[in-house]
1. Looking at GLU63, GLU58, GLU53 in this structure, which one is modelled with pLDDT under 95 and either hydrophobic (A, V, I, L, M, F, W, C) or in contact with a Gly (Cβ under 6 Å, 6 or more places away or on another chain) (or both)?
2. Quick one: in the range 51-101, which of the residues that are touching a Pro at 6+ places or on another chain (Cβ under 8 Å) and part of a helix (DSSP H, G or I) is nearest to LEU32 (Cα to Cα)?
3. Answer yes if at least one residue in the range 102-109 is among the basic types (Lys, Arg), touching a helix residue (DSSP H, G or I) at 6+ places or on another chain (Cβ under 9 Å) and surrounded by fewer than 17 Cβ atoms within 10 Å (Cβ to Cβ), and no otherwise.
4. Spot the failing condition for ALA38; the list is (1) touching a Lys or Arg at 6+ places or on another chain (Cβ under 7 Å); (2) surrounded by 14 or more Cβ atoms within 10 Å (Cβ to Cβ); (3) not charged (D, E, K, R), and only one is missed.
5. Is it the case that ALA87 is of a type in the set (A, V, I, L, M, F, W, C) and in contact with an Asp or Glu (Cβ under 8 Å, 6 or more places away or on another chain)?
Amino acid sequence: MRRGGPEPIYFLARGGPQRRCAREGGAEAGGLPPPNSATWAAVWRPYVEPCIELFGAERCTFESNFPVDKMGTGYATLWNAFKRITAGCSPTEKLALYSGTAKRLYRLD
């Protein structure tokens, strides 16, 4: 991945990798139970942090596909993983990542 252009026309919504757990045999398929939020955060951090660094929090947002995502993890587990990943972010960055960017992108203001 490379840095987006200077114009704020590039946005990144990151989510969905937990569905792979469901496809590969989660608890519903008789396999291992879904990971907890600490495990998800550890797995996703190497992908999410570079995206935030490259695009900036003002052009990134978290998302989920619930109820479809529940095949791979629980709602609270998913959002707790996101919170673990962004624990070192400033309040301004967190506001952008969790709502501000989406509000601007989807013109919800």
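The values are calculated or read from the model by the stated rules, or taken from the named source; none is laboratory data. Quantities reported herein were computed from a predicted structural model and do not represent experimental measurements. Don't worry about glycine lacking a Cβ; one is built from the backbone with ideal geometry, like all the others, and counts go over all protein chains shown.
1. Result of the check over GLU63, GLU58, GLU53: GLU63.
2. By that ranking, first place goes to THR77.
3. Checked against the condition, which is being among the basic types (Lys, Arg), touching a helix residue (DSSP H, G or I) at 6+ places or on another chain (Cβ under 9 Å) and surrounded by fewer than 17 Cβ atoms within 10 Å (Cβ to Cβ), the range 102-109 yields at least one hit.
4. (2)
5. In short, no.
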